[in-house]
Amino acid sequence: MGAQLKNYLHLHFIVFIWGFTAVLGKLITLDAMPLVWYRMLIAAVFILLYLKAKKYSLKVSWPMLWALLGAGVVIALHWLTFFLSIKVSNVSITLATISTGAFFTALIEPFWYKRKMIWYEIVFGIIVMLGLYLIFKVDTQYLYGILLALVSAFLSALFSLINGKLIQKERPSVISFYELVSGVGLLTIFLAFQGSFDAQFFRLSQNDWLYLFILASICTAYAFIASVKILKYISPYTVMLTINLEPVYGIILAYFILGESEKMNPLFYVGGGIILLTVLANGILKNRRRFKKPFRR
């Protein structure tokens with residue numbers, strides 16, 4: 001199996017895990033901000049243990065540190081809006097809406113990497129929007145959740161582009177650790193000002209602890225490092241477009257785990273098929289471009 005194919009398959013496995021993340025967000029009874037705080041803190045501890053076991057240095061330059069701290073703020077806000085959207089609406093709506101991240105990336109990436117805009121990236125972004133429209137026809141009672149998911153999608157695209165540059169200069173695990181610590185620091189300030197750190201804040205049910213452990217270890221520590229590492233071999237746009245399979249994986253998982261409340265109408269399968277075909281078409285065109293000309297960031 002070629003290295004490129006391995007990375008694409010690994011990326012799809014990570015996206016599958018992220019689909020399960022949304023289900024965990026619904027199962028955990030905590031509000032969005034405490035949920036994200038626990039997730040980032042526990043994941044940071046896991047990654048720190050990994051760094052110590054590998055004997056990797058945490059030393060980074062000051063410019064890199066500031067960049068990592070800024071990226072950590074972006075990912076914290078992304079996860080906060082993501083889980084808040086799930087809490088005020090449901091898994092299906094949040095995951096379907098967040099697939100617009102590919103469209104945001106298609107608009108931003110050419111300016112970010114100072115390259116010409118490729119025509120099919122815009123076309124694919126628009127097709128993904130069509131798939132999104134077919135997946136879910138907007139219900140006004142979920143408008144707030146949809147708006148939050150759109151903000152989360154934009155932040156996800158921005159975060160992917162930032163890490164696309166950072167990965168060229170530092171280890172994925174070191175990047176992940178500083179970004180998670182930065183996010184925890186930001187949320188700690190908010191929670192402290194709100195006076196949220198009382199006895200009730202640290203009194204969690206056994207199920208919540210179990211779900212948080214899975215969320216922080218597999219869905220965050222592992223997936224976070226792996227997704228950053230993949231950006232070394234696959235463009236941020238391709239990553240973001242593949243992430244559009246997250247609603248397909250996530251809604252299927254939600255249906256089996258959460259029951260009928262997450263069941264989608266038949267148009268979902270049409271929309272999901274459109275997104276899947278778009279992902280495949282993007283991979284084919286990207287590979288053709290690599291055969292003709294070496295890829296440059």
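No lab work stands behind these numbers, since they all come straight from the coordinates. Remember, it's a predicted structure, so these values are computed and weren't measured experimentally. Virtual Cβ from ideal backbone geometry, glycine too; neighbours counted across all protein chains shown.
How far, in nm, would the chain grow between Tyr133 and Tyr269 when pulled straight, counting 0.36 nm per residue and subtracting the alpha carbon separation?
Net length gain for the segment: 47.8 nm.
Once every DSSP H run of n ≥ 4 in the chain is given -39500 (n - 2.57) and the sum is divided by its residues, what mean residue ellipticity at 222 nm do you get, rounded to the nearest 500 deg cm²/dmol?
-25500 deg cm²/dmol
Assigning unit charges at the beta carbon (Lys, Arg +1; Asp, Glu -1) and nothing else, what dipole magnitude in debye, to the nearest 20, does the chain show about its Cα centre?
Roughly 1720 debye, rounded to the nearest 20.
Got a sec? Charge dipole of the chain, +1 on Cβ for Lys and Arg, -1 for Asp and Glu; which of Ile127, Tyr211, Leu9 is way out at the positive end?
Leu9
Check every DSSP H run in the chain and write down those whose alpha carbon atoms cover 27 angstrom or more along the long axis and whose mean Kyte-Doolittle hydropathy is 0.5 or greater.
Passing helices, by number: 3-27, 32-54, 62-88, 143-166, 172-194, 267-292.
Would you calculate the separation in nanometres between label points at Phe213 and Leu48, each defined as 7 Å from the Cα along the Cα-to-beta-carbon direction?
Result: 1.9 nm between the two label points.
How long is the gain from Leu9 to Ser196 if the chain were fully straight, where each residue apart is worth 0.36 nm and the alpha carbon distance is subtracted?
Separation in residues times 0.36 nm, less the Cα-Cα distance, equals 63.2 nm.
Work out how much length Tyr56 to Lys169 would gain on full extension: take 0.36 nm times their residue separation and subtract the Cα-Cα distance, in nm to one decimal.
Taking 0.36 nm per residue and subtracting the Cα distance, the gain is 39.2 nm.
Only one of the values (i) 22.7, 74; (ii) 19.7, 67; (iii) 18.7, 61 was calculated from this structure for Rg and Dmax of the Cα atoms in Å; name its label.
Evaluating Rg and Dmax of the Cα atoms in Å on these atoms matches (iii).
DSSP loop (so not H, G, I, E, B), at most 14 other Cβ within 10 Å: list which trypsin sites (Lys or Arg not before Pro) in the range 50-159 pass both filters.
Passing both the DSSP loop test and the Cβ count: Lys55, Lys59, Lys114, Arg115, Lys116, Lys137.
Which FRET efficiency value, to the nearest 0.05, do you get for Ile189 and Val123 by plugging their Cβ-Cβ distance into 1/(1 + (r/R0)^6) with R0 = 30 Å?
0.10
Among Ala221, Ala43, Ala53, which one shows the biggest mean-square fluctuation in a GNM of the chain, springs joining Cα atoms closer than 10 Å?
Per the Cα network of the chain with a 10 Å cutoff, Ala53 tops the list.
Considering only Cα-Cα distances, which of the following residue pairs are longer than 23 Å: Lys26/Lys52; Lys116/Lys229; Lys6/Lys87; Lys55/Lys229?
Lys26/Lys52; Lys116/Lys229; Lys6/Lys87
Could you order peptides 198-208, 150-160 by the average number of other Cβ atoms within 10 Å of their residues, highest first?
Put in order of decreasing packing, that is 150-160, 198-208.
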